[in-house]
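Worksheet: one structure, shown below.
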Amino acid sequence: MTVSHIGYKTQKKTFDKKNINEIKFILSREFIKMDELVVTGTRTKKIHNNVPIATEVISQEDINNSGAQNMSDLLSQRAGVSLQTSVEGGSVLNILGMDSRYILILMDGQPITGRFNNRVALDQILINRVKKVEIVKGPNSSLYGSEAMAGVINIITKDINNLELLDISARYNNTENKVGNSGSKNGSKNISINGFKPLKKIKIKFNADYDLINNDKSIQLIEIDKVKKQTLGGGIDWELNDKQKLGLNVQIYDQFETGKSKLMNTDTKILRKNFSLSYQYLTKSMWNIEQTFNSNNYSRNYVQIRPWGDLEKDDTTNEAYFEYEILVNKKFGLNELTGGIETSNSIYKSDRVISGKQEMKNHSVFGQSNFDLLNQLSAIIGLRFDDYSEYNSVLSPRVGFMYRFEENWKLRTSWGQGFRAPSFMERFIDWNHIQFNYTVLGNPDLEPEKSEGVTLGIEYINPARYQMSLMFYRTKFKNLIEDFTIQPGLLSYQNIEKATFSGVELMCQLKISEQIDSRWGINWVNNIDGDNKTIPNTIPLSITGAANYKHPKKNINFSINTKWIGSYRPQEYDPVQGLYVFAQNKLNAYSLIRLKSTLKINDYFNISMGIDNVNNYTNKRFGPFVGRSGYLEISTKLIKGNKE
């Protein structure tokens, strides 16, 4: 008798049928989950081991061991990912040296709306509900359209089949500096509730989060002292019959920020409402047809008041995005065909844009074929056509190949083209930055940014012990949008001729023993513009490492996560000159260390403790701004039902 399960080692036993009292199998986990399903690279569920497009997966175990509280925190622990300060004073996530506005951010396969400074605020996405994260590098506009010109990050939330579950966690964290100055009363707090309830053919899911953040005063002129975040959501998955499924999901997110500085007091209110309705139907000829309607609404109110009471600014931004999509899919033996049609309408209202309201419509059609040429060679070919109401139409192709050789070796390569449509802000902004005394004007004549990229990687997998991959990537950009100065104190946007982003990434997972496993990565990037000058704030070299220890007898785990950032010469934006100006001196190489331990008290309760930035490294000018901090988290998980 042979027993197998995804993520576990197959076990085979021989029994004497005349003398059987009990049949018992205890499966041990595979260190490398070769049979794990991924969806982002092809928009269909495929075994990770068989996907021609290289896909990096941050697993549930990686998330648990990270100690991170939100997506920005989680991703910043990866090699090749960094947080920078933007021109407007907010934080910008750079991935492989590329601004996150060139990376499409999805949640459960659907775009996240609500962009400030043209970027999704990933610190608004808490990881309590996240099951895993899939990262696909390189142009992916052939499947996803605009913004996927350099890659896609898909945040996949938890969905537990046939289980009645209630998961509650409470977390408190504080910085060493605040504890020393004012004790423990000003720490940050988080409460999270997630639940699943199966009712025959209907599964009900719900979630609620409350996050109160008391920030350290780290930047003198731009300070956010207190942040309140609240999320409430839920949904149903209804299996109408063997061939039809209906899905409904609603999420409401609310955030309120207050800040005080010597020059300005600010209040910011953010409200995001997401609604998704999907219907799946399997035809008699085995075509899988899925229709999805998405409605996403985002509003942001920003108020500036001088310390002496004068109102300087009170503006509101509203963004509405509506999308209808039909996705069809069918397997022909080992081959698979996927196609779809999308139509969307974006409406942007803001006191910061010319005329106060702008609108854009888009109609798209795309197709993709995934097939095996030989027993060892798989290929994927895709093409997408986008027709915008405000721009010329765009055609985005992609080709990928995977070649298997020996037993555990794979070679993957892909080529594709991508694009990003200029944002409403880049085209129509009309805003005066009072604190720094400059004005930003949009450019309605901007053209879409375009990219052409290639990836080449080799991978070796021994499921029981280790995995190692080496990937080279190179992406060329045309019509890249950048800031420039019309005159001192007056900024706008323009298309520049070209830029090239290239790099090498080495990643490894190693099982040292039954109790210890480790992961590490090295990322080197070389990003240059058309004049062969380094793109501002490119970090050439970064290295990450993580090790996890599970006590063989006691229910306790220890984790350490480290990140080393190589020396580089940072640049700051001078709004008067309209240029990035190099700092006088290079930043020395530095490292960030995180520690976490988790004690499983029983089947229902866990206690976790952790220390972030153990070595207390800070840089008041370029970051990180927050020094050593610690947290305590208590969680309980009540499960009822049959585990699959």
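Examine the stretch 518-526 for a residue that is in a strand (DSSP E or B), surrounded by fewer than 16 Cβ atoms within 10 Å (Cβ to Cβ) and among the aliphatic types (A, V, I, L, M), and state whether such a residue exists.
No, because not a single residue in the stretch 518-526 is in a strand (DSSP E or B), surrounded by fewer than 16 Cβ atoms within 10 Å (Cβ to Cβ) and among the aliphatic types (A, V, I, L, M).
For every residue, the table says whether it meets (1) out of contact with any helix residue (DSSP H, G or I) (no Cβ under 8 Å at 6 or more places or on another chain); (2) under 27 Å from SER295 (Cα atoms); (3) at pLDDT 70 or above; (4) open to solvent by 10 Å² or more (accessible area, probe 1.4 Å).
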residue	(1), (2), (3), (4)
ALA54	yes, no, yes, yes
ASN64	yes, no, yes, yes
SER72	no, yes, yes, yes
VAL81	no, no, yes, yes
LEU96	yes, no, no, no
MET107	yes, yes, yes, yes
ASN118	no, yes, no, yes
ILE127	no, yes, yes, yes
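Can you confirm whether GLU257 is assigned to a strand (DSSP E or B), open to solvent by less than 40 Å² (accessible area, probe 1.4 Å), at pLDDT below 90 and touching a helix residue (DSSP H, G or I) at 6+ places or on another chain (Cβ under 9 Å)?
On the way: assigned to a strand (DSSP E or B): yes; open to solvent by less than 40 Å² (accessible area, probe 1.4 Å): yes; at pLDDT below 90: yes; touching a helix residue (DSSP H, G or I) at 6+ places or on another chain (Cβ under 9 Å): no.
Spelling it out, it is not the case that GLU257 is assigned to a strand (DSSP E or B), open to solvent by less than 40 Å² (accessible area, probe 1.4 Å), at pLDDT below 90 and touching a helix residue (DSSP H, G or I) at 6+ places or on another chain (Cβ under 9 Å).
When residues of the stretch 398-418 are filtered for being open to solvent by 30 Å² or more (accessible area, probe 1.4 Å) and at pLDDT 90 or above, how many remain?
Qualifying residue count for the region: 9.
Are there any pairs, at least 6 apart or on different chains, whose C-beta atoms fall under 7 Å, with the first in the stretch 124-136 and touching a residue at least 12 places away in the same chain (Cβ under 8 Å) and the second among the aromatic types (Phe, Trp, Tyr), and if so, which?
Going by the 7 Å Cβ cut-off, the qualifying pairs are GLN124/TYR253.
Looking at the stretch 615-634, I want the residues that are over 13 Å from ILE565 (Cβ atoms) and basic (Lys, Arg) and have a partner that is open to solvent by 60 Å² or more (accessible area, probe 1.4 Å) and part of a loop (DSSP other than H, G, I, E, B) with Cβ atoms under 7 Å, at least 6 apart or on another chain. Which pairs are those?
Filtered contacts from the stretch 615-634: ARG628/ASN616.
For the stretch 175-194, enumerate the residues that are assigned to a helix (DSSP H, G or I) and either of a type in the set (Val, Ile, Thr) or surrounded by 14 or more Cβ atoms within 10 Å (Cβ to Cβ) (or both).
The answer is GLU176, ASN177, LYS178, VAL179.
Keeping to the stretch 442-473, report how many residues are closer than 28 Å to ASN392 by Cβ and either among the acidic types (Asp, Glu) or crowded, with 16+ Cβ neighbours inside 10 Å (or both).
14
Based on this model, can you work out whether LEU490 counts as closer than 19 Å to TRP409 by Cα and either touching a helix residue (DSSP H, G or I) at 6+ places or on another chain (Cβ under 9 Å) or surrounded by fewer than 17 Cβ atoms within 10 Å (Cβ to Cβ) (or both)? Let's see the steps before the verdict.
On the way: closer than 19 Å to TRP409 by Cα: no; either touching a helix residue (DSSP H, G or I) at 6+ places or on another chain (Cβ under 9 Å) or surrounded by fewer than 17 Cβ atoms within 10 Å (Cβ to Cβ) (or both): yes.
For LEU490, the condition - closer than 19 Å to TRP409 by Cα and either touching a helix residue (DSSP H, G or I) at 6+ places or on another chain (Cβ under 9 Å) or surrounded by fewer than 17 Cβ atoms within 10 Å (Cβ to Cβ) (or both) - is not met.
Test SER169 against the criterion of being hydroxyl-bearing (Ser, Thr, Tyr), closer than 22 Å to GLY630 by Cα and assigned to a strand (DSSP E or B), and give yes or no. Outline the logic, then answer.
On the way: hydroxyl-bearing (Ser, Thr, Tyr): yes; closer than 22 Å to GLY630 by Cα: yes; assigned to a strand (DSSP E or B): yes.
Yes.
The values are calculated or read from the model by the stated rules, or taken from the named source; none is laboratory data. This one's a predicted model, so the numbers in the text were calculated from it and none came from an experiment. All Cβ positions, even for glycine, are placed from backbone atoms using ideal geometry, and neighbour counts span all protein chains on display. Surface areas here come from the heavy atoms of the whole protein model, side chains and all, with no ligands, DNA or RNA. Shrake-Rupley method; radii C 1.70, N 1.55, O 1.52, S 1.80 Å.
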